[in-house]
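The values are calculated or read from the model by the stated rules, or taken from the named source; none is laboratory data. Bear in mind that the values here come from a model prediction, so they are computed numbers and not experimental data. Because the Cβ atoms are built from the backbone with ideal geometry, glycine has one as well, and the counts that use them run over all protein chains shown. With ligands, DNA and RNA removed, areas are computed over all heavy atoms of the protein, side chains included. Shrake-Rupley method; radii C 1.70, N 1.55, O 1.52, S 1.80 Å.
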Amino acid sequence: MKDIKVNQDLIRERKKCSFNVEELIHLIDGGEQNTLERKEIEEYILSNKDLRDVVPEEYLSHKERYENAVRKACILYSLLLRRSMERSPSPDFRISNNYKITTGVIKDISPFLLHFVMFLPTIVSQASSEQQLEWLQKAPQMIGTYAQTELGHGTFLRGLETTATYDPDTEEFIIHSPTLTSYKWWPGGLAQTANHCIIMAQLHIKGKNHGIHPFLVQIRDMETHMPMPGIKVGEIGPKLGFQTANNGFLGFDNYRIPRTNMLMKNSQVLKDGTYVKAKNNKLTYGTMVYIRVTILTDVAYELSKAVTIAVRYAAVRHQSQLKPGEPEPQILDYVTQQHKLFISIATSHAFRTVGLWLWNTYNQVVADMGKGNMDQLPELHALACCLKAVCSRDATACVEQCRFACGGHGYMVSSNLPTIYGIVTATVTYEGEYTVMLLQTARYLVKAYKQTTEGKLLTPTVSYLAKFLKNSKITWENTPKGIIESFQAVAAGKTKEACESLFQHMNSGKAYEDAWNLASVQLVNASEAHARAVLCEMFWKETQRLSSSVSNDLASVLEQLAELYLKYWALEKRGDMLMYSAISKKDVATLQKRYEELLALIRPNAVGLVDGFDIRDEILCSTLGAYDGRVYERLMEQAMKSPLNSEPVNQSFHKYIKPLLAKAKI
């Protein structure tokens, strides 16, 4: 791209950058080879002219948007499958990751997404080796989804109502939806796209309920795509976002499937109806954390798109006057604007960095589980729950701040910020609602608190409890280490108070469940504080580790971002800090001063940092955030695509307005 085509403000900003942007790109991608492969895939996909829209998607009807999304999804799938087949004699399931990289061309959510991120992974993790051999070979002909949530129940799995009753005479399971609230509700691609799904249902054998188990169910005819007899399926309607995800409902009327369609890696049902229980019921429990773990890096990516748009726009936009008689400055020069945006850059790095750490932890735990060691699973589950909850909510707030930072133009759909917001805010509730997830972690914290009082050893991520519950006189250090310890002190203090409240309610004669409910607000706060402590500690530690492998220039900027993240949250949580740590009012003032110094240090590198996310314009889909900075030209070009601008006078004038004005004359 020649400089002459790029906005001059952005040219100047890029010249200020103190580090090598390419080096940052390679770091984010996990290495130069990964960057080359990503760019190759993007070019391979985005050079396809059939993926380009003639009419912007926002002007299509709901039905047209879905159909257009399916058209693009099929092109993407076929391109990636062909690329995979060219490189390997059999389909390479890395296609799943490649597919996620390129779904930006759909602008919203692909109706095929759950096929890759839930349907196939569940087969891999829950099906027996024989089932995997059969089903994965058929996978290219399947379009699958994952159906767990019901109209009346979500996170509470034991409350799911769909039943799978075994009939030994025919060696079949009878899948049934006994009530309206038992209808599956929400799965992406379920409505009109998928022909198979994995459903979670209550397993009944000879009158006994053996609990929730997964089943592979064909829901549509492979030739006609008509719903199978006994299947009622459709779309749930428009949402805040995810308009093209094709979220659906699904009901069963005594629908029969073969016995071998129960996923039997862990539990089995024999021909005569004998139930073979899993060696450990935690084996199924372990796979439930998979999506929660991946959400951290998912929201980091979406946030990187939002802040790229906002920072580039803030570099191009000039507004008001800092001093009378002087030219209008870039709004990026206002410290309040930097306060809105730089934390989003830092947060994207934090969630990606901690997300990769959590992913590695997950893989290690899964490997240990395969060897029969379940010891680390409860800690992983607690981490996945609270980090998923806090990161999804923080990311949503950051995306909204990015929209605010773009003023009125950020409200335009063409900015792509509303769509990104719709995608990110959904993560707060799917795969475990925010509060429920934090209460899951709280159960782990209560156990850890009891272990602390009994002098028992604690797992690594809660080991700080022993230190801070025994010593309330920790000295304050105005360093990253000091801030991290202060967050741990806050988490320890809130955990102690929540547990004491819980125990007091129980000691007063209340049942454990009632006591838990009464203490639940404090328990949620303790879990949120625990997540903050883990995020701060692991982001700083991982940044220190990564900094040792990059140039000094890049290491300096990465450490500034990590320190900014710590300072920002220390200031945001200053009330908690003053209450539970050794920080003083004077220390808070020192924190504020350093925070503002960090904003000034990051300012020259702001555009370089978002360039480091290396998101192509075709994926960014924004009039405000394109690499060339042609904000106003793009806004006008996009406005002229509105169907209302295709004619100088809309028919509504003659049909409604003119008669109204005529009446007004009388």
Using 0.36 nm times the number of residues separating GLU22 and ASN373, minus their current alpha carbon distance, what extension gain do you get? 122.2 nm
A student applying the Cα gyration tensor rule (rounded when a/c is under 1.5; otherwise prolate if a/b is larger than b/c, oblate if not) would label the stretch 1-57 oblate
Across the stretch 120-284, how many lysine pairs, 8 or more apart or on two chains, come within less than 19 Å at their alpha-carbon atoms? 10
Farthest positive-ward along the chain dipole, Cα basis, beta-carbon charges - from ILE123, MET264, VAL233: VAL233
How much accessible surface area, in Å² rounded to 10, belongs to the heavy atoms of LYS208 with a 1.4 Å probe? 120
Using alpha carbon positions and the Kirkwood radius, the Rg to Rh ratio of the stretch 435-575 is 1.05
Hull surface over four for the Cα convex hull of the stretch 616-666, reported in nm², is 5.1
Enclosed volume per residue, in Å³, of the convex hull spanned by Cα atoms of the stretch 286-611: 157
Carbon and sulfur %, accessible surface of the stretch 120-284 computed with the full protein complex present, 1.4 Å: 54
Please calculate how many Å² of accessible area the chain carries per residue, with a 1.4 Å probe and no DNA, RNA or ligand atoms counted. 46
Among the listed pairs LYS16/LYS586; LYS467/LYS567; LYS450/LYS510; LYS305/LYS340; LYS388/LYS541; LYS467/LYS593, give every one whose C-alpha distance is greater than 27 Å. LYS16/LYS586; LYS467/LYS593
Quick one: with all protein chains in place, what share of the accessible area of the stretch 286-611 is carbon or sulfur, to the nearest percent (1.4 Å probe)? 53
Among DSSP beta bridges whose residues both lie in the chain, state the antiparallel percentage, nearest 5. 80
The chain - mean residue ellipticity at 222 nm from DSSP helices (-39,500 (n - 2.57) per run, n ≥ 4, rounded to 500): -17500 deg cm²/dmol
Taking every C-alpha to C-alpha distance in the stretch 323-367 and binning by 10 Å from 0, the per-bin percentages run 23, 26, 20, 15, 10, 4, 1
With charges set only on the Cβ (+1 for Lys and Arg, -1 for Asp and Glu), what does the dipole of the chain come to about its Cα centre, in debye to the nearest 20? 1000
Viscosity 1.306 mPa s, 10 °C: Kirkwood-radius Stokes-Einstein D of the stretch 375-465 over Cα pairs, µm²/s: 105
Along each of its three principal axes, how wide is the spread of alpha-carbon positions in the stretch 231-316, in whole angstrom units, largest first? 72, 34, 15
Find how many whole Å separate the alpha carbon centroid of the stretch 1-77 from the alpha carbon centroid of the stretch 333-383. 25
Mind checking the alpha-carbon convex hull of the stretch 94-232 and giving the volume per residue in Å³? 136
Determine the relative contact order of the chain: mean sequence separation of Cα pairs under 8 Å and six or more apart, normalised by residue count, in whole percent. 15
